Amino acid sequence: MGACCSDGVPKGNQTDQMASKAIEKEMRRAEANQPYEHRIILLGPGDSGKTTVLKQMRKIHGPKNKQNGNENEAIDAGFATIVRERIMNYMKILCTQSIKLGVDVEEKNNELRHFFASELSAPFGNHCNVENCEKIKTLWNDEGIKQTLKRRREYQIPDNVEYFMDERLDDIASNEYIVTFKDFLRIRMRTTGFMSEVFKKSINGAEHQFMFTDVGGQRSERGKWMTMMHDDIDAVLYVVAISEFDLFCFEDQKTPRLDEALKLFETILTNGFCNGKTVTLFFNKYDLFEQKLKDPTAKTIADIYPDDFPKDRDPRNCDHVVQYIYDKFLALYKEAEPDSENNPHHHRTTALDTEQIELLMQDIEGDLIRARLIHVGF
């Protein structure tokens, strides 16, 4: 018969109970010292601005910037080569497309246009010098190149061209060029695979850890994240470039980008990404959206969707167009999540605006914290 202690509990069982209590005590202590973790995934089609949001979060929470106050020091010097490459390629695209579209440039600039369209070879960044940047300036001031850019919906070119051409050419041509945070925000780099950033914040004496994950939005990248574990996500931040309702997809130059954004949203809903999660829509590039609606020569959303846009709404009224687009996303959400008590929030955003993104993220982080407190019974 096994040995017993004075209270009648077998000695072996008593030892197990003591060990179990010690383990539980240690787990509680470790849990108390661990920050609450909130996991946010940034989704949306390519070129919507997801990576720009993540760059802003690095600036807002990045330790280097907080430590020395210089927002440029945290930027890898290697980005200078990327910026120079993009600048040269942008002018090559404009010159090539002006020829394809039959847009004339001033006769004196034909030779310069031929150089960029036909003679400039990769790697383009190697050709970025003072002499060639002066050529770019000359062409940029040519009305034919300006007209070619205005017809950008007929081909593919990033929306950062004006910034670099109008404001940054002289600095970029210099051997002493240093990439500024504004340059870093605006330069377009396609995300491949996953890219995560973790930020910690102390709120009311409790440590909270926020993990933001950016994934590639191009069609070729979606298979890499579409099967990821949904239970590991607390919130979905879906980013749509609302200004690009009149543009076509990079992949096929025929699918409207708004259609692509809606189709992708429907797919992630079908795959369960939003089930039981906080869902927020960022209608991004809102500054460009406003400019486009004010331009009498630009196509309106009623031109793109003539049989669908309500006749009693003004296609040049920002509120009317935003509501029309939001209603489309909301209909998809309600169909996929009929039992959800919370509809997706939507915000008009300009991801280049650090202050705006910081305020919006504070709201989103607050929502996640409140949801966590409710979940644990507070």
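Within region 164-178, residues that are within 11 Å of Arg84 (Cα to Cα) sit with their Cβ atoms under 9 Å from residues that are part of a loop (DSSP other than H, G, I, E, B) and open to solvent by 100 Å² or more (accessible area, probe 1.4 Å), at 6+ positions apart or across chains, in these pairs: Asp171/Ile178.
Does Asp295 satisfy the criteria of being without any contact (Cβ under 8 Å) to a residue 12 or more places away in the chain and either closer than 20 Å to Leu43 by Cβ or within 24 Å of the chain's Cα centre (by Cα) (or both)? Criteria not met by Asp295. Any residue that is touching a Gly at 6+ places or on another chain (Cβ under 8 Å) and within 30 Å of Glu119 (Cα to Cα) - is there at least one of those in region 184-201? Yes, there is a match, as at least one residue in region 184-201 is touching a Gly at 6+ places or on another chain (Cβ under 8 Å) and within 30 Å of Glu119 (Cα to Cα).
Among the residues examined, Phe194 qualifies as open to solvent by 30 Å² or more (accessible area, probe 1.4 Å), aromatic (Phe, Trp, Tyr) and modelled with pLDDT under 85.
Considering region 246-351, the qualifying helices (runs of 4 or more DSSP H), each wholly inside and each with 1 or more residues that are over 25 Å from Asn160 (Cα atoms), run over 257-270, 301-304, 318-336.
Can you name every residue in region 159-208 that is of a type in the set (Phe, Trp, Tyr) and over 21 Å from His127 (Cβ atoms)? Spell out the reasoning first.
If we filter region 159-208 for residues that are of a type in the set (Phe, Trp, Tyr), which is where we start, we get 163-164, 177, 181, 184, 194, 199.
Within region 159-208, Phe181, Phe184, Phe194, Phe199 qualify.
Inspect region 251-267 for any residue being charged (D, E, K, R), surrounded by fewer than 19 Cβ atoms within 10 Å (Cβ to Cβ) and touching an Asp or Glu at 6+ places or on another chain (Cβ under 9 Å) and give the result as yes or no. Yes. Here is the figure for region 176-191: residues that are under 14 Å from the mean Cα position of the chain (by Cα) and modelled with pLDDT of 90 or more total 3. When each of Lys100, Lys108, Lys146 is tested for being within 21 Å of Arg168 (Cα to Cα) and of a type outside the set (S, T, N, Q), the lone residue that passes is Lys146. In the condition set (1) assigned to a helix (DSSP H, G or I); (2) open to solvent by less than 70 Å² (accessible area, probe 1.4 Å); (3) closer than 20 Å to Leu288 by Cβ, Glu355 is compliant with all but (2).
Every condition in (1) within 19 Å of Tyr333 (Cα to Cα); (2) modelled with pLDDT of 95 or more is met by Asp234 except one, and the failing one is (2). In region 195-215, the residues that are under 12 Å from Lys50 (Cα atoms) and assigned to a strand (DSSP E or B) reach residues that are open to solvent by 50 Å² or more (accessible area, probe 1.4 Å) and of a type in the set (S, T, N, Q) with C-beta atoms within less than 6 angstrom, at least six apart or across chains, in these pairs: Thr213/Ser196.
The values are calculated or read from the model by the stated rules, or taken from the named source; none is laboratory data. The shown structure was predicted, so the numbers you read here are calculated from the model rather than taken from an experiment. Cβ coordinates were reconstructed from backbone atoms using ideal geometry, including for glycine residues, and neighbour counts include every protein chain displayed. Side chains included, ligands, DNA and RNA excluded: accessible areas come from the protein's heavy atoms. Shrake-Rupley method; radii C 1.70, N 1.55, O 1.52, S 1.80 Å.
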